[in-house]
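Have a look at the structure below, then the notes.
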Amino acid sequence: MRVVVDLTKCQGYAQCAFLAPEAFRMVGDEALMFDPAPSDDQRVKVLRAAAACPVQALQVDMADLPQPPPAATVVAAKGDRLRRDGRIVIVGASLAGLKAAEQLRAEGFTGTLTVIGDEPEEPYDRPPLSKQVQTGFVASADTTLPRRRDIDADWRLGVAATSVDLDHKRVVLADGQEVEFDRLLVATGVRARPWPVPEEAALDGVFTIRTRGDAAGLRERLLAHPRRVLVVGSGFTGSEMASVCVELGIPVTVAEAGPAPLVGALGGVMGRISAGIMREHGVDLRTHTKVNSLQGEDGKLRRAVLSDGTTIEVDVAVVALGGVRNVEWLESAGLAVGVWGLACDAGCRAFTAAGLVTDDVFVAGDVARQPQPMFGYQFLAMEHWGNAVTQAEVAAHNMISSETDRWPHLEMPAFWSLQFGHNIKSVGVPPIADQIAITQGSVESRQFVAAYGYKGRVVGAVSWNQGKWLDFYQQLIEQAAPFPLPYDMTNPPADRVPVPAEFPDRTYPGREATVVVTGHDPSERRATLVRPSRRR
């Protein structure tokens, strides 16, 4: 059987760990680790655990679920050709792609459904690759996502989409085949940003973590007990990898160009707390430090030269420098693509390069860049598990619905991270904040909640081992509650005075022109995307 847990919903009640301890276990006070492929002899226990979850965060394969009683089938209205026998193509055999396909079938789409993916595997869960897989709790091959229903799709796996022709509504594949569509969903996500020097990136021992192959190769190397691991970057992936090395007893150095870990996501106040925890666990954390070069012998990584003037002997380097959105295949399609993804409206409809919305192309998941009404209509790209699920469901619904029946994607951004035994969870958009205040608990106990404010409004919250409180903070964000919070909280800290959040200066992708405009008459004016190689 296959299992996945929506850890944005999980609140650490541990019912699953009591009922099926071989498949679920608690780490620290409230963080959950789970086996995505429990053995068949655990089936009954896992199903009981799924039924007992207070927040219904556990999902299992449809084959393992009790069959529901017959229900009325959604039937396409007369004349609704698209819902009845249209052609929908999903590019991206990902979490978002799978969830969109399931939603389409759930809403009565009976037409042709094609799912295209550049990897040979069915959609799998990526978060365990830097957590459970590296600690040996599960194998990378066991992370296939459960199927919630039969989607009856034509799977084109192991072949990438190379371009899309919007005039003729067809996707061109790397093997030369073409797939026609009435509606197209872009769910191609992101790939790991590689080490920028190709010769050094090719050294045996240099890894990124994004795919199953990446995770399996890194796990094998960690099993060989390297002398030292170098982690380049201390965002969430880099911090989680440092935590894994500590758990495995492997010496680890983290090189971070900024002042502290997690500063870009959580700000300087939280970053200093994270830095303290890392050092408490024996991590050699080097802040304000870059890696100048990776050096090898006989094709194998042997050392790294750092900007602080030191050279360290390492056998493994994990490059955790963020992601690159997979939009290159769309550059000739005349869509609004750039380094921050494919822009779309709140209904997941893609924009053209001229800023017009198209009704034929939709986007969901990590590759989407969407205006967020709750945050001043800023265009935000959210690389989070829960966002991929809800955005895919909204996109799927809107693809086959009339304009009057379409949904806006108003999901509250949320994410989690497990590192050094601590469960870190977030709601809202902390990076837009200008102030932060500890509102519950204490930093010293590593059990606290921090609220983030922007111009007198609550815009985000982060918890350390106190995830059960975040539903309340989510409501505050949705209601545009005032900041600082004007009322008493349970277990308040001694000092609730807001301080600067200390986020890095924000960068904007529009500082350089991305289109050229042609024509003179209003009816002739056109905007054409400028490819990077053509920019001056």
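For residue 328, the accessible surface of its heavy atoms amounts to roughly 90 Å² (probe 1.4 Å, protein chains only, rounded to the nearest 10).
The label point for residue 119 and the one for residue 227, both projected 7 Å from the Cα toward the Cβ, are 3.3 nm apart. Surface analysis of segment 372-463 yields an accessible area of 32 Å² per residue, using protein heavy atoms and a 1.4 Å probe.
Find the relative contact order for the chain and round it to a whole percent, using C-alpha pairs within less than 8 Å whose residues are 6+ positions apart. That works out to 13 percent. Here the gap between residue 488 and residue 526, fully extended at 0.36 nm per residue and compared with their Cα-Cα distance, gives a gain of 8.1 nm. For segment 90-200, averaging the sequence separation of C-alpha pairs within contact (under 8 Å, six or more residues apart) and dividing by the residue count gives a relative contact order of 32 percent.
Rounded if a/c is under 1.5, else prolate if a/b is larger than b/c, else oblate: which is segment 281-328, with a ≥ b ≥ c the root eigenvalues of its Cα gyration tensor? Oblate. Per residue, the solvent-accessible area of segment 231-336 (1.4 Å probe, heavy atoms of protein chains only, all protein chains present) comes to 35 Å². Simple rule: put +1 on each Lys or Arg Cβ and -1 on each Asp or Glu Cβ in the chain, find the dipole, and look at 364, 500, 36; the Cα lying farthest toward the positive end is 500. Given +1 at the Cβ of Lys and Arg, -1 at the Cβ of Asp and Glu and no other charges, the dipole of segment 145-267 around its Cα centre is 440 debye to the nearest 20. For residue 515 and residue 191, the FRET efficiency from 1/(1 + (r/R0)^6), where r spans their Cβ atoms and R0 equals 22 Å, is about 0.35. Annotation for residue 311 and residue 81: the two label points, set 7 Å from Cα along the Cα-Cβ direction, are 7.0 nm apart. State whether segment 85-131 is rounded, prolate or oblate according to the following rule on the C-alpha gyration tensor (a ≥ b ≥ c being the square roots of its eigenvalues): a/c under 1.5 gives rounded; otherwise a/b larger than b/c gives prolate, and the remaining case gives oblate. Oblate shape, in that a/c is at least 1.5 and b/c is the bigger or equal ratio.
Can you give the calculated 222 nm mean residue ellipticity of the chain, where each DSSP H run of n ≥ 4 adds -39,500 (n - 2.57) and the sum is split over every residue, rounded to the nearest 500 deg cm²/dmol?
Details: 11 runs with 107 residues, N = 536.
The helix contribution divided over the chain gives -6000 deg cm²/dmol.
Think of each Lys and Arg Cβ as +1 and each Asp and Glu Cβ as -1; about the Cα centre, that makes the dipole of the chain roughly 660 debye. Working from Cα pairs under 8 Å separated by at least six residues, relative contact order for segment 316-439 is 17 percent. Of all complete DSSP H helices in the chain, those with a Cα span along the helix axis of 15 Å or greater and a mean Kyte-Doolittle hydropathy of -1.0 or more are 95-106, 212-223, 236-248, 263-280, 385-399. Would you please state which residues of segment 8-27 a label at residue 56 would reach in this model, taking the label point 7 Å out along Cα→Cβ and a backbone N cut-off of under 20 Å? Taking a point 7 Å out along Cα→Cβ of residue 56, the residues of segment 8-27 whose backbone N falls under 20 Å are 8-17.
Each residue was assigned an accessible area with a 1.4 Å probe, and for residue 462 the value is about 0 Å².
Within the set (1) 23.7, 73; (2) 25.9, 89; (3) 35.3, 126, the number that Rg and Dmax of the Cα atoms in Å takes when calculated for this structure is listed as (1).
Of all aspartates and glutamates in the structure, the ones whose alpha carbon falls short of 20 Å from that of residue 468, not counting any fewer than 8 places away in one chain, are 6, 29, 30, 411, 444, 478, 488.
Calculate, for residue 43 and residue 14, the FRET efficiency according to 1/(1 + (r/R0)^6) with r their C-beta to C-beta distance and R0 30 Å; round to the nearest 0.05.
Working: r = 20 Å, r/R0 = 0.68.
Between residue 43 and residue 14 the formula returns 0.90.
With the cut-off at 22 Å, tell me which of the pairs 131/300; 131/425; 45/99; 45/425 have Cα atoms farther apart than that. It would help to have the intermediate numbers written out before the result.
Numbers: 131/300 25 Å; 131/425 16 Å; 45/99 26 Å; 45/425 28 Å.
Over 22 Å Cα-Cα: 131/300; 45/99; 45/425.
Taking all protein chains together, 409, 384, 520, 225 sort by accessible area into 520, 225, 384, 409, largest first [probe 1.4 Å].
If you roll a 1.4 angstrom probe over the protein chains with everything in place, what fraction of the accessible area of the chain belongs to carbon and sulfur, to the nearest %?
Details: 11830 of 23410 Å².
Roughly 51 percent, rounded to a whole number.
The values are calculated or read from the model by the stated rules, or taken from the named source; none is laboratory data. All values derive from a computational prediction rather than experimental measurement. Note that we place each Cβ from the backbone using ideal geometry, even for glycine, and neighbour counts take in every protein chain shown. Surface accessibility is based on the protein's heavy atoms, side chains included, excluding ligands, DNA and RNA. Shrake-Rupley method; radii C 1.70, N 1.55, O 1.52, S 1.80 Å.
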